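S.K.: The structure that follows is given in the form of structure tokens.
Just so you know, all these numbers are worked out from the coordinates, no wet-lab data involved. Keep in mind that this is a model prediction, so the values were computed, not measured. All Cβ positions, even for glycine, are placed from backbone atoms using ideal geometry, and neighbour counts span all protein chains on display.
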Amino acid sequence: MQPSDRRLANAIRALAMDAVEAANSGHPGMPMGMADAATALFTRHLKFDAADPYWPDRDRFILSAGHGSMLIYALLYLTGYARPTLDDIKHFRQLGSPTAGHPENFELPGVEVTTGPLGQGVAMSVGMAVAERHLNAVYGDDLVDHRTFVIAGDGDLMEGVNHEAIGLAGNLKLGRLIVLWDDNSITIDGSTDLSRNEDVVARHKAAQWHVTKCDGLNADDVSRAIEESLADPRPSLIRCRTIIGYGAPNKQGTAATHGAALGKDEVEAARAELGLEPKEFSVPDDVLNAWRAAGKRGAVEHALWNDRLEQSGRKDEFLARLNGKVSNAWLRPFVDKLFAEQKPVATRKASEMALEAINAAIPATIGGSADLTGSNNTKTKNIEPLTAENYAGRYIYYGIREFGMAAAMNGMALHGGVIPYGGTFLVFTDYARPAIRLSALQEARVIYVMTHDSIGLGEDGPTHQPIEHLQSLRAMPQLDVYRPADAVETAECWALALTSEHPSILALTRQNLRPVRMEKTGENLCARGAYRLKDAQNGRKVIILATGSEVEIALDAAEKLEAQGIGTDVVSMPCTERFDAQPWDYREEILPDVSNSEILRVSIEAGTTFGWERYTGLHGLRIGIDRFGVSAPAPDAYDYFGLTPDKVAIRITDFMTKRGIQ
Ligand SMILES: Cc1ncc(C[n+]2csc(CCOP(=O)(O)OP(=O)(O)O)c2C)c(N)n1
Ligand SMILES: [Mg+2]
């Protein structure tokens, strides 16, 4: 006899309680409350094949309420994924185990995205749903026809990014996105009444979502609500009425079950209440067998899909597209053309020029901007808008939703088959930063086109002028920050970003820059992170390191120093992370390890000097801006902050005199 849905759900409850108890850390309440809803989803609706977590046409499942990680670990184990094993679950939250505190996409296939920072799972799911519709439009129903399911808690729906995400999903009419809301009226501090009286349902309806409700503790009722949602053309929110910690007789319904082990006595009481085996980590055979069968439910559909793929004339193209490898064959001819027509250009414009070539050569790119298309130069003429009426388009008008855009791009990148890039002003990376951090942590290939990268944006003034942004972004692991100095460097940095396994930020100017790369080498010099642009003509006394718009100032200042007999190298440093990754001898060649009294190292960047001592040494000279900017035309702002060739040259010679450097 087939075990009841409740018994299947109770296996999730048992594993969640036991794992949290063993770790003496974790969140049993959410998995226990949503166990029945998850059972309905995984045994009846979700299209997946536990034998192949990478099946491209699987439904995507996102546990936005990442603190309830034991829910997904239990589901993956029960349905028969290779990992986590029962042993992994016994080592929940322990060093070296893939059952990390919160679900990590790089630990377990089956965990599509990293969640835990509340709100972002839902926001990433919007990007997943966009990628699905886009690839469906390109490759058709035979190859791409799946859905995105999310489990979200009260916290996911309270976070501000939720507003951005549901707005995007509503406008793009992402009907294949279904969010199951764990409506348990509890958060950490206690009842949701303490902090919320908004009408969550009305808010979703206002964003053009379909909303329905169900008894989240009744798998049949959840299933009914899912069916209703599948039939509706709008994105759906299913309000699942649940009880946090359901089954723990003395603690259920209270915040006490949210984020702590239930304790031995309460676990025993729950076992009795739920009719569980008296042993830890034990799942009755009939229950495990039923779960394993659910894990194979999709095998037939998977096999049929394989057949369709075999028969498709586009098999190789489709697989290559999903594999994500791109060719940078566009770069050489493009750079040759730049060399043939050297002229001053803003790097944001240079980026657009590169993008014309990239978007023509690489169909996987999907661009966009948070309402600054004309300023970020992100829309090329050869791509159409991606809209509810035309999912085949490749340009998204994200609206003024920087965080929502960045999170959606993470979802798109992790879905696979597309390479998202999106723009805003560099200063507003602050608005997107939590998602940029998740791009980095998840190693999602997202390319951030961040223009207006310094006081060089001029008149918009201090609110819009980034100061600390470049360095603070460079401090983030697994994120490459590029600040190219001219059109050639911009194209090279684009090529690096497109083939990177990390997310990238391109910091680009509003103002025109003259070409600084005059010599054609046939090599992508930016790949080194830093390279010598100008050799000292006199005996080398100074090395100036500069990035982006300050490279031309460095070159002109160097000329003035040379005229005084002071040999000066100029090093362009478009990407410090890449330079740091170079072998010792290359770094030594560019920045010899000698004292500043022998060769003075100077950094110039129109932003904070914080951190540049990494390269100048403590006794070097750091030229930058350690305060907020000014509202003024760009040349006046540069002059005001001493960032002109004359003023830089004088600062360097004064510094040398003061320090007795000959
Ligand atoms: C951005 C963010 N802020 C705070 C937290 C810490 N946190 C984890 S769970 C939680 C409460 C969430 O409440 P709810 O979504 O209702 O989950 P439940 O208690 O019902 O499981 C908080 C504040 C977090 N993970 N992410
Ligand atoms: Mg809650």
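S.K.: Under a 5 Å amide H to amide H cut-off, with H placed in plane at 1.01 Å, what residues pair with Thr114 once short-range neighbours are removed?
M.R.: Those qualifying (amide H under 5 Å, at least 5 residues apart or on another chain) are Asn105.
S.K.: When a/c is below 1.5 the answer is rounded, else prolate if a/b is larger than b/c, else oblate, so apply that to region 1-99 with a ≥ b ≥ c taken from the square roots of the Cα gyration tensor eigenvalues.
M.R.: Here region 1-99 falls in the oblate category.
S.K.: A follow-up question, please. Starting from region 414-481, pick out the GluC sites (Glu not before Pro) whose DSSP state is loop and whose Cβ has at most 12 other Cβ atoms within 10 Å.
M.R.: Glu459
S.K.: I need the shape label for region 495-638. Rule: rounded when a/c is under 1.5, else prolate if a/b > b/c, else oblate, with a, b, c from the alpha carbon gyration tensor.
M.R.: Taking the square roots of the gyration eigenvalues as a ≥ b ≥ c, region 495-638 is rounded.
S.K.: For Thr547, Thr187, what ranking results if the residue with the fewest other Cβ atoms within 10 Å of its Cβ goes first?
M.R.: Thr187, Thr547
S.K.: Please turn the phi angles of region 483-490 into ³J(HN,Hα) values with the Karplus equation 6.51 cos²θ - 1.76 cosθ + 1.60 (θ = phi - 60°), one per residue in order, whole Hz, x for glycine and proline.
M.R.: Once rounded to whole Hz, the list reads 10, x, 9, 7, 5, 5, 4, 4.
S.K.: Let me ask something else about it. Report relative contact order for the chain in percent, whole number only (criteria: Cα-Cα under 8 Å, sequence separation at least 6).
M.R.: 12
S.K.: Rounded to the nearest 20 Debye, what is the dipole magnitude of region 28-184 about its Cα centre when Lys and Arg each give +1 and Asp and Glu each give -1 at the C-beta?
M.R.: About 60 debye.
S.K.: Assigning unit charges at the beta carbon (Lys, Arg +1; Asp, Glu -1) and nothing else, what dipole magnitude in debye, to the nearest 20, does the chain show about its Cα centre?
M.R.: Result for the chain is approximately 680 debye, rounded to the nearest 20.
S.K.: For Ser69, Ser603, Ser500, which order do you get if you count the other beta carbons within 10 Å of each Cβ and list the fewest first?
M.R.: Fewest-to-most Cβ neighbours within 10 Å comes out as Ser500, Ser603, Ser69.
S.K.: OK, next. Any chance you could give the angle, 0 to 90 degrees and rounded to 10, that helix 264-274 forms with the longest Cα principal axis of the chain?
M.R.: Between the helix axis and the principal axis of the chain, the angle is about 50 degrees.
S.K.: Out of Met409, Phe334, Ala202, whose Cα points farthest toward the positive end of the dipole of the chain (charges: +1 Lys, Arg; -1 Asp, Glu; placed on Cβ)?
M.R.: Phe334
S.K.: Run the helix sum for the chain: -39,500 (n - 2.57) per DSSP H stretch of 4+ residues, divided by residue count, reported at 222 nm to the nearest 500 deg cm²/dmol.
M.R.: -12500 deg cm²/dmol
S.K.: By a straight-distance test (C-alpha under 28 Å), which lysines pair with Lys343 as possible cross-link partners, with residues fewer than eight away in the same chain excluded?
M.R.: Candidates past the 8-residue exclusion: Lys379, Lys381, Lys520, Lys534, Lys560, Lys647.
S.K.: Over what distance in Å are the Cα centres of region 310-363 and region 460-485 separated?
M.R.: That distance is 25 Å.
S.K.: Against the longest principal axis of the chain, how steep is helix 429-442, in degrees 0 to 90 to the nearest 10, with axes from Cα atoms?
M.R.: Helix 429-442 and the main axis of the chain meet at about 70 degrees.
S.K.: Of Thr365, Ala261, Val283, which is farthest along the charge dipole of region 251-374 in the positive direction, counting Lys and Arg as +1 and Asp and Glu as -1 at C-beta?
M.R.: Thr365
S.K.: So how strong a dipole does region 1-110 carry about its Cα centre when Lys and Arg Cβ are +1 and Asp and Glu Cβ are -1, to the nearest 20 debye?
M.R.: So the dipole magnitude of region 1-110 works out to roughly 220 debye.
S.K.: Now a separate question. At a 10 Å Cβ-Cβ cut-off, how would you order Trp291, Trp494, fewest neighbours first?
M.R.: Ranking Trp291, Trp494 by Cβ neighbours within 10 Å, fewest first, gives Trp291, Trp494.
S.K.: If you don't mind, another one. Peptides 321-331, 21-31, 523-533: what's the order by average Cβ count within 10 Å, highest mean first?
M.R.: Output ranking for 321-331, 21-31, 523-533: 21-31, 523-533, 321-331.
S.K.: How large is ³J(HN,Hα) for each residue in region 565-573, as worked out from phi by the Karplus curve 6.51 cos²θ - 1.76 cosθ + 1.60 (θ = phi - 60°), to whole Hz, x for Gly and Pro?
M.R.: With the stated coefficients, region 565-573 comes to x, 9, x, 9, 7, 10, 10, 8, 10 Hz.
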